[in-house]
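J.: Take this structure, written in structure tokens, and hold onto it; I'll ask about it next.
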Amino acid sequence: MADLLREGAHVIAYDPKGMEKAAAVKTIAAAEFAPSALEAVNNAEALIVATEWNEFANIDLAVVKEKMRTPIVFDGRNLLDPETMRYIGFHYHSIGRASVKPG
């Protein structure tokens, strides 16, 4: 996240367990911290999944897509199913698996 912030990206972060600690880290102090996962994706151009909390695994992906400006997901935990993501209409990239496009 620190690299994205240095490059000038507007980063909105949410973690159900680590928000307080993250807010205290100086290298990411410029990030905005959202009160919920759905608020974090509002008008987002991309979503990066960097944790595997059940809250993220069980989120309504159709609602997530509706809230995003551009439905692109980078899944660093392989938390989500590629075929489900394709079916819903995401451009989906994960670790060690083929990327999918809406179909």
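J.: Identify, from the list GLY96, GLY103, the residue that is farther than 23 Å from HIS10 by Cβ, in contact with a Lys or Arg (Cβ under 6 Å, 6 or more places away or on another chain) and without any contact (Cβ under 8 Å) to a residue 60 or more places away in the chain. Let's see the steps before the verdict.
T.: Working: GLY96 fails: in contact with a Lys or Arg (Cβ under 6 Å, 6 or more places away or on another chain).
Exactly one of GLY96, GLY103 is farther than 23 Å from HIS10 by Cβ, in contact with a Lys or Arg (Cβ under 6 Å, 6 or more places away or on another chain) and without any contact (Cβ under 8 Å) to a residue 60 or more places away in the chain, namely GLY103.
J.: What are the pairs, 6+ residues apart or on separate chains, where a residue within the stretch 15-26 that is surrounded by 10 or more Cβ atoms within 10 Å (Cβ to Cβ) has its Cβ under 7 Å from a residue that is not hydrophobic (A, V, I, L, M, F, W, C)?
T.: ASP15/THR51; PRO16/GLU55; ALA22/ASP15
J.: Scan the stretch 27-38 residue by residue and report those that are at pLDDT 80 or above and either under 15 Å from the mean Cα position of the chain (by Cα) or loosely packed, with under 15 Cβ neighbours inside 10 Å (or both).
T.: Filtering the stretch 27-38 down to residues at pLDDT 80 or above leaves 30-38.
Hits for the stretch 27-38 are ALA31, GLU32, PHE33, ALA34, PRO35, SER36, ALA37, LEU38.
J.: Take the stretch 60-87 and flag every residue that is among the β-branched types (Val, Ile, Thr) and either surrounded by 16 or more Cβ atoms within 10 Å (Cβ to Cβ) or closer than 16 Å to VAL11 by Cα (or both). So that I can check it myself, show each step before the final result.
T.: If we filter the stretch 60-87 for residues that are among the β-branched types (Val, Ile, Thr), which is where we start, we get 63-64, 70, 72-73, 84.
VAL64, THR70, ILE72, VAL73 - these are the residues of the stretch 60-87 that are among the β-branched types (Val, Ile, Thr) and either surrounded by 16 or more Cβ atoms within 10 Å (Cβ to Cβ) or closer than 16 Å to VAL11 by Cα (or both).
J.: Sticking with this one: Mind listing whichever residues of the stretch 23-55 are over 24 Å from ILE95 (Cα atoms) and small (Gly, Ala, Ser)?
T.: Matches in the stretch 23-55: ALA23, ALA24, ALA29, ALA30, ALA31, ALA34, SER36.
J.: Looking only at the stretch 90-103, count how many residues are out of contact with any helix residue (DSSP H, G or I) (no Cβ under 6 Å at 6 or more places or on another chain) and closer than 19 Å to LEU38 by Cα.
T.: Total meeting the criteria: 2.
The values are calculated or read from the model by the stated rules, or taken from the named source; none is laboratory data. Note that the structure is a prediction, hence the values are computed from the model and not measured. Neighbour counts run over all protein chains shown; Cβ positions are idealised from the backbone, glycine included.
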